[in-house]
1. When the Karplus curve 6.51 cos²θ - 1.76 cosθ + 1.60 is applied with θ = phi - 60°, which whole-Hz ³J(HN,Hα) does each residue of the stretch A:430-435 get, with x for Gly and Pro?
2. Using only atoms on other chains, find how many Cβ atoms lie within 10 Å of each Cβ of peptide B:218-226 and report the average.
3. Let me know the Rg and Dmax you get for the protein assembly as shown when you use only its Cα atoms, in Å.
4. Of all DSSP beta bridges in chain A, what percent run antiparallel (nearest 5)?
5. Work out the FRET efficiency for B:GLN30 and B:LYS358 from their Cβ-Cβ distance, taking R0 = 51 Å, and round it to the nearest 0.05.
6. Would the stretch A:301-451 count as rounded, prolate or oblate if I go by the C-alpha gyration tensor, calling it rounded below 1.5 in a/c and otherwise prolate when a/b exceeds b/c, oblate otherwise?
7. Determine the sum of side-chain charges near A:VAL275: Lys and Arg each +1, Asp and Glu each -1, restricted to other residues whose C-beta is under 14 angstrom from that of A:VAL275.
8. Taking a spot 7 Å from the Cα of A:THR402 along the direction of its beta carbon, which residues of the stretch A:334-366 have an amide N less than 12 Å from it?
Amino acid sequence: MADWYTSFANSGVGTTITEQLGLPRPVELRRYEPGEPLLPGPVVVGSAGAGRLRDAVTTVLRDAGVTVQSPVTADGGTDGEKLGAVVLDATGLTGPGDLAAAHDFLAPAIKRLRASGRVLVLADPPSDAGSPAQAAARQAVDGLVRSIAKELRAGSTANAIHVPEGAEGSLASPLRFFLSGRSAYVDGQLLTLSAADVPTGEDDAKPLAGKVAVVTGAARGIGAAIAEVMARDGAHVVAVDIPAAGDKLARVANEIGGTALQLDITAEDAPQRLVEHLTERHGGADVVVHNAGITRDKLLVNMDAARWNTVMAVNLQAQLDITQALLDTDGALKPDARVVCVSSQSGIAGNRGQTNYAASKAGVIGMVRAWAPHFAERGATINAVAPGFIITEMTAKMPFGTREIGSRINSLQQGGLPVDVAETIAWLSQPGSAGVNGQTVRVCGQSLLGA
Amino acid sequence: MATQNPATRKAAIVGGNRIPFARSNSAYAQASNQDMLTATLDGLVARFGLQGESVGEVVAGAVLKHARDYNLTREAVLGSKLAPTTPAYDVQQACGTGLEAAVLVANKIALGQIEAGIAGGVDTTSDAPLAVSDDLRRVLISLNSAKTMGDRLKALARIRPGQLVPDMPRNAEPRTGLAMGDHAAITAEEWQIGREEQDELAARSHQNMAAAYDRGFFDDLVTPFLGLTRDNNLRPDSSVEKLAKLKPVFGTGDGATMTAGNSTPLTDGASAVLLASDEWAAAKGLPVLAHLVDAQTAAVDYVHGGEGLLMAPVYAVPVLLARNGLSLQDFDFYEIHEAFASTVLATMKAWDDPAFCKEKLGLDAPLGAIDRAKLNVHGSSLAAGHPFAATGGRIVASLAKTLHEAGPGKRGLISICAAGGQGVVAILES
Ligand SMILES: NC(=O)c1ccc[n+]([C@@H]2O[C@H](COP(=O)([O-])OP(=O)(O)OC[C@H]3O[C@@H](n4cnc5c(N)ncnc54)[C@H](O)[C@@H]3O)[C@@H](O)[C@H]2O)c1
């Protein structure tokens, strides 16, 4: 499933050529496979600052069957086994001076990280720091993590989780996600948790068992991958796409044992039809993924109203209208529902020729942030996922040069796969992800754009 | 009132699926009946989540059928996402096939013999079977049974060039040699059906169907196939003026009113309808759009009896009405299959004709007129086209949805004429 360059760079001849020419050496990323262990090697957990999370982290890891080692010393320390992940508990930092401990812990440990390894830093959010010095130290973590992400090679990633006081109970699901192969293409990101009632007793192999998940734009591309991953994780998928894509939609639904609903989400009665379908056929939805999206690129000065309006209608207005209708109708959306909205890197960084698209995708980010408190009240969440360069039929049509550059300008030196976006969305949809709300998670391999 | 066996129940119509219909030798020129029926079943499976399910029975058929397709429906089931343990059988009742299949499934459900079933139909006039002439067939049979090389050569020597011309399938009645359109033209003339009213009916069929597509009515009734997303016979901009320009193709002289515009074209396509008991539907969380209340078939003697080839439904309907204690006006919607615009008009004229109703139907009073605003409200065969065996399924699913949208307690009448002087009619109720 890797792109041609990644396959080439990992072939016998390719290895020699790319090494001699100093070309990027993307590796095939470790991706989640059901039944595989969470990590391919042991984890070392260390701390900088007072550290209130070490025990919680250790418990989650042990429950997941991961071997937890004590910190590596600068001279090489402990036994020689390569590490699957390095976790730093940086909560309780009081000032920049505490950060030296972070350096002391991370440097030798990262040296022993294996391919597709993980560096994860847990910290307090800078926003509620008690003093400028504390805020400085907390903010410093961002720069540290983003830079580590850029230094790591061989498919390894570095991310940070902000754990506010009181949100410790929300940690397990994000922690597992960032360490697992599900987060293969999520790199250099900061996720902020919130306090929530997190249900327990989830089936690790089928975290979405018994759930009804609606996925729009499911006939192909990223949407089809989301539908597949949701079904693999146990959900019944209601696959939605325009009637004209109905044959592909039926194929997707039939492959995953889901159902096909042919519906143009921009039709005036689309929200009502979806609501009726969900209440009549499924007793409401547990998960809604607003994935359908279109591009109609033109420089702003040359853009006609039709391009502007259709992009806004599909990418933003339909998400708003459908979500509102689901909220307004008793029984259409389960109280603890998960709504995930697909945004885009263009919505964060902007993109020449995509004023309409970028505006719509930025709008999505604002929408989930605004709705999050309301969703939290009912035990639900709403989040956005912003894909970077994802290899699909759409990108296959781009000119070779644009495509090659687009896929390489990130820390993992390769484009992501639809399944990478799908895994992130499926994770946000899990009951255990109750403490992730109003966030926008980028799936971009730490793209240089909008970083 | 009907004397209903207390042990029976009414079969529910859960929904349907069809592929867009395609004019002969167009989008589906390379598709076989089996391809089309399989795709149609798969679309139905996807719509209702029936993957790996074994429904009680799948009943379907085709009018034009290859010899190799002796088990067409079962083969389509095996190629579909339904459980391979789903039984199936073929039926064939000319253009009545699709509706008759639905009646058969509904009856088994009514009797409790099955809980759910799929009724369908498919036809292609692009991939139609070609038969060899009888003479050539005899030679080939003796060639096959010849034991020695000498016998084989002797058999081969009997082949004459004239025998190599295949028998093309024709849309003609074997007993009269007349095309169906010629038969319809005779009836049109007999009932004095004018050109303009035929063109009006045709234009309205196109306009109604185009409007239904535009408002998304077919979103859960049709699944695209081989690049086609709508019926390619559909002309949303059809008008009486445009239709008036066409030259007649059936009938002779002044009485020639039937054109390619007010007659259905040869068409390829397939349809399927999911029927079930209310309990089965409820257990699966599936909707009940309508129930199939009752059905009736009739046949007329068009060879010697002086009745029109396509007039059998005219006879079937009064029997059905009487059994159910209904008048012709007790319906909210009428679906009269538009084999030809003139057929629909002659049918309605006959029901409203006191002399005909008395003499031919044995009724004291005529059945009366029907409100044209309730006729074929989402278009019919003149717009969609008419892949013979697929028309019944198209109509049953569309009418069931129409009734469901109109609310509970609404009633619809289906009337389908068929080759061989036959007719199948049915009542649906929401
Ligand atoms: N491919 C990438 O690199 C990339 C990057 C960033 C964001 N995204 C976003 O991811 C999402 C999926 O993208 P993709 O690459 O799979 O695109 P795609 O074009 O392959 O698939 C989009 C699907 O949405 C459907 N759709 C479009 N309009 C619809 C409507 N009105 N109603 C119902 N369905 C409709 C399409 O029919 C299609 O099946 C989009 O929101 C896109 O903006 C993609």
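1. Here the 3J(HN,Hα) series is 5, x, x, 8, 4, x Hz.
2. 5
3. When restricted to the Cα atoms of the protein assembly as shown, Rg and Dmax are 33.7, 111 Å.
4. Taking every DSSP beta bridge within chain A, about 0 percent pair in antiparallel fashion.
5. Step by step, r from the Cβ atoms, then E = 0.45.
6. oblate
7. Here the charged neighbours net out to -4.
8. Only A:352-354 pass the distance filter.
Laboratory data are not the source of any read-out in this text; all were calculated from the coordinates shown. Just so it is clear, the structure is predicted and the values come from calculations on it, not from any experiment. Every residue, glycine as well, gets a Cβ built from its backbone with ideal geometry; the counts of neighbours run over all protein chains shown.
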